[in-house]
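The values are calculated or read from the model by the stated rules, or taken from the named source; none is laboratory data. Since the structure is predicted, the reported quantities are computational estimates derived from the model, not experimental observations. Quick reminder, even Gly has a Cβ in these numbers, built from the backbone with ideal geometry, and neighbours come from all protein chains shown. Side chains included, ligands, DNA and RNA excluded: accessible areas come from the protein's heavy atoms. Shrake-Rupley method; radii C 1.70, N 1.55, O 1.52, S 1.80 Å.
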Amino acid sequence: METKPDLNIDRSIGDFHYDVDYEFDAGIGLSEKTIDYICDVKKDPDWIREFRKEALRKFNSMPMPTNWASHDLDNIVFQNIRYYLSQGTEPKRSWDDVPEDVKRTFERLGIPEQERKFLAGVEAQFDSEAAYSNIKAAVGEQGVIFVGSTEGLHKHPEIFKKWFGKVIPTGDNKFSALNSAVFSGGSFIYIPPGVKVKHPLQAYFRINAENFGQFERTLIIADEGSEVMYMEGCTAPKFETSTLHSAVVELVALKGAKIQYITVQNWSANVFNLVTKRGLAHEEAEIKWIDCNIGSRLTMKYPGVIMKGRKARGEVISIALAGDGQHQDTGAKMVHAADETTSNIVSKSISLGSGRSTYRGLVQIGRHLKGCKNNTECDALLINTESRTDTYPAITVRGKENACQHEASVSKISAEQIFYMQQRGISKAAAMSLAVNGFVNDLVQQFPMEYSVELKRLIDLEMEGSVG
Amino acid sequence: MSLKIENLHANIGDREILKGLNLEIPKGEVHAIMGKNGSGKSTLAKVMAGHPDYEVSIGQVLLDGLNLFEMEEPDQRARTGLFVAFQYPMEVPGVTIANFIRAALQARLPEGEELDAVEYYHHLYEKMDMLKIDRKFTSRAVNEGFSGGEKKRCEILQMAMLNPVYAVLDETDSGLDIDALRIVSEGVNAMRGPERGLLVITHYQRLLDYIVPDVVHVMVDGRIVMSGDKTLAHKLEAEGYDWVEKEILQQA
Ligand SMILES: Nc1ncnc2c1ncn2[C@@H]1O[C@H](COP(=O)(O)OP(=O)(O)OP(=O)(O)O)[C@@H](O)[C@H]1O
Ligand SMILES: [Mg+2]
């Protein structure tokens, strides 16, 4: 029985935008000048300016990964993108200070009353700077740092500098290089040793300008024995021209720490969503990515965990929904670099209409290691015959004392099954929602309640839209 | 008030399967259709329900005067009061019986109204008990891994829950064991009444021993060629279909 509240998210949420008075705008295109502009506005320290410029050089020298990835990437025109846009550099402190139009945006996003209360302890990014940032008093008292990335690097340079760019090197891939060159926004979080943060930390952010790429950069460090859950949700308005979103998220779980990073993304159909997410798990630490991708033109995202210490654990739970004309290219990367490390990957994809899902998995267990385990399950659901799905599992297990288990399945919801459900009085959209929700149900239950409700609602909306 | 099928022609691809079928089931009556394999019995049920593979070229089906073919989507026809217990029920992976029937009932409520969950489960368990279906089935995916007989029982459970005005039962008896046949028949009989019309498709008299029909029709090659009372079924059981075909030829 469900007693969950109804979120009433409006279908039209992806189709609006408000005029924003952009105080700081780097203009269109990307060059050293753009970077100088960003550094000047953000008052970046010199090492960051150098870091950004070095990243730009790498970005320019690296080819597009179209040798293995979608050729649609070639349609991104980097010189037509606006790389920096700010609503003012200082994050706003209290709800009263939040501009009316930003509040209106939250309203349109359908964030329920219940969650608005939550916003008191939320880092909400509006365009590239945090428009609203207020750490819940309780969290602050525990010594937790929860600020925007800019504030993090200004006020906590000793922790920031130690880990920034260490989990995901600038040149990891072309898009991590791009992000490193122009990043702004995102969160910086530090959890002191032994602190278990009770409330999930949340961030809402969205794209709100044509041709404006959003390049947030998040760094979370959980010190020894600490625990934290971070939730990220996005929704973007629809525009005629393509929008680029390319985030980098780095997680560091020190000995015995636990980090859960939860994402629910509902991008409009013109967004390129190219994200690099990776965590470094030290001894007995645990990193879990729960990732749900709905919408976008092309999503490429393969959250990873490097299990660096003995008995570290990594997990990726992902749901991808590729609607008509969309391509979800998602997966997971598990690098076992110590004995007795275990990883688990559960991936479910849904392809609708001409939508396409690709799963890419990478599991590495070195020859010299003992007692490592990986479990990979990847299931695809195809709704109607045009849909396609591809699975590219790359599992490299060396060494006899390690175990790997891989299961994959493809199921189809045929016209015949939809007809059967319709014969019971259920509309086509509701029938598809039922099937999809049934398919992802076991994973959805791992999301915190308000997210699982939102997710279910998003799936319903997606199905309504696909029936047209 | 009736379910009235008039001069129905339907084809799949360019093959005509229903070739001018006429049949009327007045509300309150139970009719049976018998006929050889491939004569078009299941096709009739699916065409009425709006299966996307079939195309209706001529004819209409009136449900209490409402033209079913004016309703584009199968779910509209279902909500108007038509139910089909299928010969081969589909498996719906991932969707539990409880959620499935609940969604079907919810779809019949006006916008904004929520089905009362407690009442729903009460009602569901009552019907399951009547059909002797283990309550554990509520959390199993619809028809997935069900035995042949379990599927048929589950179709009748859905019918009992959805309370249609007219129901077509397509070979509900096939696959049922002796006890199940009796239990399911009792369930169907409990739904007989002045407010409902039933069309039972079967090959065997033994079902009609339990669900005694008011009228029996014989279907040959996409048409109803003969109708009679329950004794017609006995004659068919005893003598097969050859004499029917001869009789038609003589008439022609
Ligand atoms: N999808 C299809 N493609 C081609 N022919 C079909 C299709 N569906 C049904 N038919 C044909 O239509 C005819 C009627 O089939 P139908 O299932 O209605 O028969 P039936 O009277 O229900 O038979 P049975 O007693 O065996 O259940 C058969 O010859 C069948 O092969
Ligand atoms: Mg049949």
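Below is a table of values for the structure above.
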{"quantity": "Alpha-carbon spread of the range A:261-304, three principal axes, descending order, Å", "calculated": "41, 15, 8"}
{"quantity": "Whole-Hz ³J(HN,Hα) from phi, Karplus 6.51 cos²θ - 1.76 cosθ + 1.60, for the range B:13-25, glycine and proline x", "calculated": "x, 9, 9, 7, 10, 9, 10, x, 9, 10, 6, 10, 10"}
{"quantity": "Ellipsoid semi-axes in whole angstrom, largest first, where each is sqrt(5λ) of the Cα gyration tensor of the range A:291-431", "calculated": "35, 14, 11"}
{"quantity": "Packing rank of A:406-415, B:237-246, B:207-216, where each peptide gets the mean count of other beta carbons within 10 Å, highest leading", "calculated": "B:207-216, A:406-415, B:237-246"}
{"quantity": "Alpha-carbon Rg/Rh ratio, for chain B, with Rh computed the Kirkwood way", "calculated": "0.97"}
{"quantity": "Cα-based Lys proximity count in the range B:100-252, under 17 Å, for pairs eight or more positions apart or on separate chains", "calculated": "8"}
{"quantity": "Listed peptides B:151-159, B:27-35 by packing density, highest first (mean Cβ within 10 Å)", "calculated": "B:151-159, B:27-35"}
{"quantity": "Charge sum, other residues only, whose C-beta stays under 9 Å from A:I306's C-beta, Lys/Arg counted +1 and Asp/Glu -1", "calculated": "+3"}
{"quantity": "Heavy-atom accessible area order for A:F439, B:F69, largest first, 1.4 Å probe", "calculated": "B:F69, A:F439"}
{"quantity": "³J(HN,Hα), Karplus 6.51/-1.76/1.60, whole Hz, each residue of the range A:147-160, x for Gly, Pro", "calculated": "9, x, 5, 5, 4, x, 6, 6, 9, 10, x, 5, 6, 4"}
{"quantity": "Debye log10 I(q)/I(0) at q = 0.05, 0.08, 0.10 Å⁻¹ for the protein assembly as shown, Cα point scatterers", "calculated": "-0.33, -0.72, -0.96"}
{"quantity": "Descending Cα extents along the principal axes, the range B:12-153, whole Å", "calculated": "47, 37, 31"}
{"quantity": "Averaged over B:100-109, number of beta-carbon atoms from partner chains that fall within 10 Å", "calculated": "5"}
{"quantity": "Amide H partners (placed H, <5 Å) of A:Y84, local residues excluded", "calculated": "A:A26, A:G27"}
{"quantity": "Summed buried accessible area for A+B [probe radius 1.4 Å, Å², rounded to 100]", "calculated": "2200 Å²"}
{"quantity": "Calculated FRET efficiency for the pair A:Q446/B:Y88, C-beta based, R₀ 41 Å, to 0.05", "calculated": "0.70"}
{"quantity": "Helical contribution to [θ] at 222 nm, DSSP H n ≥ 4, -39,500 (n - 2.57), averaged over chain B, rounded to 500", "calculated": "-11000 deg cm²/dmol"}
{"quantity": "Among B:V142, B:V118, B:V220: highest mean-square fluctuation, GNM of chain B, C-alpha pairs under 10 Å", "calculated": "B:V118"}
{"quantity": "Long-range HN-HN contacts of A:E284 with modeled amide H, under 5 Å", "calculated": "A:G256, A:R310, A:K311, A:A312"}
{"quantity": "Quarter of the Cα convex hull surface for the range A:413-468, i.e. its orientation-mean projected area (nm²)", "calculated": "3.8 nm²"}
{"quantity": "Accessible area per residue, Å², chain B with all protein chains present, probe 1.4 Å", "calculated": "45 Å²"}
{"quantity": "Length gained when the stretch B:I248-B:E113 is fully extended (0.36 nm per residue, less Cα-Cα span)", "calculated": "43.2 nm"}
{"quantity": "Cα→Cβ-extended label distance, 7 Å offset, between B:A190 and A:V467, nm", "calculated": "3.1 nm"}
{"quantity": "FRET E, pair B:H123, B:D229, Förster distance 35 Å, beta-carbon r, rounded to 0.05", "calculated": "0.45"}
{"quantity": "Average other protein chain Cβ within 10 Å of Cβ, residues B:87-98", "calculated": "5"}
{"quantity": "Lys, Arg +1 and Asp, Glu -1 on Cβ, resulting dipole of the range B:1-56 about Cα centre, debye, nearest 20", "calculated": "180 debye"}
{"quantity": "List of the range A:384-431 residues, accessible area with partners at least 40 Å² below that of the chain alone (1.4 Å probe)", "calculated": "A:E416, A:Q417, A:F419, A:Y420, A:Q422, A:Q423, A:R424, A:G425, A:I426"}
{"quantity": "Under 5 Å, built H, 5+ apart or other chain: amide partners of B:G50", "calculated": "none"}
{"quantity": "Under 12 Å from the B:S147 label point (7 Å along Cα→beta-carbon), backbone N, the range B:173-198", "calculated": "B:175-181"}
{"quantity": "Two-site FRET efficiency, B:D64 against A:A403, from Cβ-Cβ distance with R₀ of 45 Å, rounded to 0.05", "calculated": "0.10"}
{"quantity": "Packing-based ranking, highest mean first, of A:341-349, B:16-24, A:146-154 given that Cβ atoms within 10 Å are counted", "calculated": "A:341-349, A:146-154, B:16-24"}
